[in-house]
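Engineer: Next up is a structure, given as structure tokens.
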Amino acid sequence: MRLHGLHIVAGLDSFAKQQTFHARNPADGELLSPGFREADAATVERAATLAAAVFPQFSETGPRQRRQLLNHIAVELERIGVQLCERGNQETGLPVPRLEGELGRTVKQLRMFAQLVGGGNEKLPVVETALPERQPLPRPDLRLTQIPIGPVAVFGAGNFPLAFSVAGGDTAAALAAGCPVIVKGHPAHPGTSELAGRAIVSALKKTGLPAEIFALVQGRGHEVGRLLVSHPLVKAVAFTGSLAGGRALFDLAGQRREPIPVFAEMGSVNPVFILPAALAKTSGALARRYADSLTLGVGQFCTNPGLLVARKGPQLDGFLAQVNAALGAMSPLPMLHIGIKDNYVAGLKTLAALPGVDLLFGSDQPSPGCLALPTLLVQPAADFLAARQAGEEVFGPSSLVVCCDDFAQMLEVAAALPGQLTATVHALDEEENQAGRLFRSLRLKAGRLILNQFPTGVEVCAAMHHGGPYPATTDSRFSSVGTTAIRRFLRPVCYQNFTAALLPDELKPEAGED
Ligand code: NAP
């Protein structure tokens with residue numbers, strides 16, 4: 001499939017500004033062809049107007065058609081899988097095997113949503129039949145279902161060019177709900193975005209659904225995203241990225257005449273607490289697993305373990321020496337783009353300047369280009385608690401080790417943390433009581449609690465929750481991974497005193513019901 005560098009609106013290549021931008025290979029800095037047109041206000045206007053116009057029709061499609069659409073998108077992505085992974089590799093520097101794995105996850109997500117829609121349970125129907133004899137007042141027949149919220153703006157994530165980008169989890173969840181989608185492609189991988197966008201266009205054609213259900217607008221700079229979030233016909237936003245970006249879009253949505261929900265998944269330091277007996281008994285294996293989790297994907301995961309909390313002493317010193325040895329055996333690898341690398345270097349500089357922080361592994365000097373070295377910093381818990389800097393994610397292969405005097409101080413650190421996607425405790429059976437006390441505090445902070453494993457690796461399933469209190473996300477009640485992610489794009493509607501003929505299918509009385 002040849003890349004055109006154009007937008008996709010109503011299935012057509014849509015011209016916009018003459019101005020173009022290029023992706024750049026982070027491994028060698030080479031500019032990649034073709035140039036991609038910057039979207040303008042007219043492109044966004046057309047995409048939003050067409051999405052709103054098709055919404056009533058799409059919202060009424062039956063489960064069969066939506067299931068077909070999601071399954072066709074999965075097939076189309078698989079059909080161009082080799083090209084997707086090659087282009088993804090050129091644009092992000094992520095190794096092809098990692099992208100192949102991500103593609104597998106992407107199609108799995110689509111098929112899971114297809115299955116969910118096919119099962120008909122996604123609308124969570126609730127039926128309370130009439131109680132005409134109830135005293136002092138009769139109860140009417142009440143039936144609750146969910147309907148799609150309207151056109152959704154999706155911001156592709158830089159760190160998941162397939163699984164959280166154009167045809168990723170947010171798009172799959174919104175389409176499954178019956179919402180048209182307008183994607184703002186991430187500017188670092190426009191070619192990968194265009195390929196995935198064209199796969200969705202083909203799937204819409206094969207399903208016989210209107211092309212207006214999907215649009216892809218591209219652009220470098222905040223203007224396109226701002227236009228999209230401000231557009232009165234857009235009814236919800238899904239975003240994965242920086243705290244600054246997510247917060248800016250959330251504030252923008254709140255300033256609209258009609259405010260809309262913004263489901264932004266942003267920064268998290270994903271604290272890992274290691275209790276003393278676990279540290280003593282499993283030190284070597286734990287050190288290797290920790291170093292692996294820390295450096296997986298060059299640390300560019302929102303679930304990267306950016307904070308380690310343990311009791312100071314010879315056991316912690318021994319553990320850290322083993323982590324250092326494991327990190328020392330690794331070579332620097334390219335980050336996704338130079339912006340992320342610059343943020344990584346600046347974030348480490350800020351962290352290193354905080355009271356009591358020492359460099360344990362890494363270098364004062366940044367590696368060339370997009371290459372990033374793993375970094376380990378240490379800080380006494382008293383300084384950490386006084387500085388209250390724990391909310392700042394340093395996106396990349398780095399971690400801050402907070403050294404506590406005793407368990408009471410570990411509890412203090414837990415209580416001082418801001419919202420997180422995950423929180424982990426490593427403990428032996430004999431430390432269950434302490435682990436329980438830590439988790440009682442940590443469950444108020446995080447959306448996923450982990451015992452004796454590491455936070456990287458997010459299973460896509462119905463029991464997953466990928467979310468957490470601010471600043472991890474802008475709405476801790478919802479997940480951006482797994483099938484419950486559909487709930488972001490549905491809204492409840494209650495039917496009171498309806499006849500069977502007028503009720504939607506999922507609320508119609510079963511045979512034999514009065
Ligand atoms: P980003 O800067 O937040 O950008 C994500 C998307 O949002 C891009 O399409 C960007 O488009 C748009 N955007 C950002 N700020 C905006 C604003 N104020 N108004 C309108 N649109 C806006 O994320 P990134 O480029 O992927 O990486 C940058 C940093 O984000 C990283 O260094 C890291 O700290 C963090 N990050 C965190 C996660 C996570 O999961 N927690 C994931 C990825 C990145 P334009 O650039 O074209 O404006």
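Engineer: What strands (runs of 3 or more DSSP E), lying completely within the stretch 236-305, carry at least 3 residues that are closer than 20 Å to LEU442 by Cα?
Structural biologist: 271-274
Engineer: OK, next. Got a sec? Which of ARG98, ARG87 is basic (Lys, Arg), surrounded by 21 or more Cβ atoms within 10 Å (Cβ to Cβ) and assigned to a helix (DSSP H, G or I)?
Structural biologist: None of the other options fit; the residue is ARG87.
Engineer: Report the residue count in the stretch 163-184 for those that are touching a residue at least 40 places away in the same chain (Cβ under 8 Å) and either of a type in the set (Asp, Glu) or assigned to a loop (DSSP other than H, G, I, E, B) (or both).
Structural biologist: 9
Engineer: Any idea which of (1) touching a Pro at 6+ places or on another chain (Cβ under 7 Å); (2) buried (at least 24 other Cβ atoms within 10 Å of the Cβ) is the one THR171 doesn't satisfy?
Structural biologist: (1)
Engineer: Still on this structure, I have one more. Looking only at residues that are within 16 Å of the ligand (Cβ to nearest atom) and modelled with pLDDT of 90 or more in the stretch 317-336, which one is surrounded by the fewest Cβ atoms within 10 Å (Cβ to Cβ)?
Structural biologist: Of everything passing the filter in the stretch 317-336, LEU336 is surrounded by the fewest Cβ atoms within 10 Å (Cβ to Cβ).
Engineer: Could you list, in sequence order, all residues of the stretch 15-39 that are surrounded by fewer than 19 Cβ atoms within 10 Å (Cβ to Cβ), assigned to a loop (DSSP other than H, G, I, E, B) and either of a type in the set (Gly, Ala, Ser) or at pLDDT 90 or above (or both)?
Structural biologist: Correct list: HIS22, ASN25, ALA27, GLY29, GLU30, LEU32, SER33, PRO34, GLY35.
Engineer: Okay, next question. Exactly one of these conditions fails for ALA346: (1) surrounded by fewer than 22 Cβ atoms within 10 Å (Cβ to Cβ); (2) closer than 25 Å to PRO95 by Cα; (3) within 13 Å of the ligand (Cβ to nearest atom). Give me its number.
Structural biologist: With (1) surrounded by fewer than 22 Cβ atoms within 10 Å (Cβ to Cβ); (2) closer than 25 Å to PRO95 by Cα; (3) within 13 Å of the ligand (Cβ to nearest atom) applied to ALA346, the lone miss is (2).
Engineer: Give me a count of the residues in the stretch 113-133 that are in a loop (DSSP other than H, G, I, E, B) and not β-branched (Val, Ile, Thr).
Structural biologist: 9
Engineer: For ALA196, which of the numbered conditions (1) under 18 Å from the mean Cα position of the chain (by Cα); (2) part of a loop (DSSP other than H, G, I, E, B) fails to hold?
Structural biologist: (2)
Engineer: Regarding the stretch 255-272, can at least one residue be identified that is buried (at least 22 other Cβ atoms within 10 Å of the Cβ) and more than 16 Å from the ligand (Cβ to nearest atom)?
Structural biologist: Scanning the stretch 255-272 turns up at least one residue that is buried (at least 22 other Cβ atoms within 10 Å of the Cβ) and more than 16 Å from the ligand (Cβ to nearest atom).
Engineer: Answer yes or no as to whether ALA446 is in contact (Cβ under 8 Å) with a residue 24 or more places away in the chain, among the hydrophobic types (A, V, I, L, M, F, W, C), out of contact with any helix residue (DSSP H, G or I) (no Cβ under 6 Å at 6 or more places or on another chain) and under 20 Å from GLY457 (Cα atoms).
Structural biologist: Answer is yes for this residue.
Engineer: PRO469 - would you say it is part of a loop (DSSP other than H, G, I, E, B), free of Cβ contacts under 8 Å to residues at least 60 places away in the same chain and within 15 Å of the ligand (Cβ to nearest atom)?
Structural biologist: Here the answer is yes, as PRO469 does meet what is asked.
Engineer: Can you tell me how many residues in the stretch 287-332 are more than 13 Å from SER399 (Cβ to Cβ), hydrophobic (A, V, I, L, M, F, W, C) and touching a Leu at 6+ places or on another chain (Cβ under 7 Å)?
Structural biologist: 3
Engineer: For ALA211, all conditions in the list (1) surrounded by 24 or more Cβ atoms within 10 Å (Cβ to Cβ); (2) among the small types (Gly, Ala, Ser); (3) more than 12 Å from the ligand (Cβ to nearest atom) hold save one; what is the number of the exception?
Structural biologist: (1)
Engineer: Regarding the stretch 199-206, can at least one residue be identified that is within 16 Å of the ligand (Cβ to nearest atom) and within 27 Å of SER479 (Cα to Cα)?
Structural biologist: The answer is no; no qualifying residue exists.
Engineer: In addition: Among (1) within 21 Å of LEU327 (Cα to Cα); (2) surrounded by 24 or more Cβ atoms within 10 Å (Cβ to Cβ); (3) within 11 Å of the ligand (Cβ to nearest atom), which single condition is LEU294 missing?
Structural biologist: So the condition that LEU294 fails would be (3).
Engineer: So which of GLU431, GLU506, GLU459 is farther than 21 Å from PHE273 by Cα, surrounded by 16 or more Cβ atoms within 10 Å (Cβ to Cβ) and among the charged types (D, E, K, R)?
Structural biologist: Matching residue, one of GLU431, GLU506, GLU459: GLU506.
Engineer: Ok, one more. Among (1) of a type in the set (D, E, K, R); (2) part of a helix (DSSP H, G or I); (3) under 18 Å from GLU91 (Cα atoms), which single condition is ARG220 missing?
Structural biologist: In the conditions (1) of a type in the set (D, E, K, R); (2) part of a helix (DSSP H, G or I); (3) under 18 Å from GLU91 (Cα atoms), ARG220 misses (2) alone.
Engineer: Just to be sure before I move on: is VAL107 in a helix (DSSP H, G or I), in contact with an Asp or Glu (Cβ under 8 Å, 6 or more places away or on another chain) and buried (at least 21 other Cβ atoms within 10 Å of the Cβ) in the structure I sent?
Structural biologist: So VAL107 passes the test.
Engineer: Does the stretch 423-446 contain any residue that is more than 30 Å from ALA238 (Cα to Cα), among the small types (Gly, Ala, Ser) and assigned to a loop (DSSP other than H, G, I, E, B)?
Structural biologist: Yes.
The values are calculated or read from the model by the stated rules, or taken from the named source; none is laboratory data. Everything numeric in this text was worked out from a predicted model, so none of it was measured. Cβ atoms come from the backbone with ideal geometry, glycine included; neighbour counts cover every protein chain shown.
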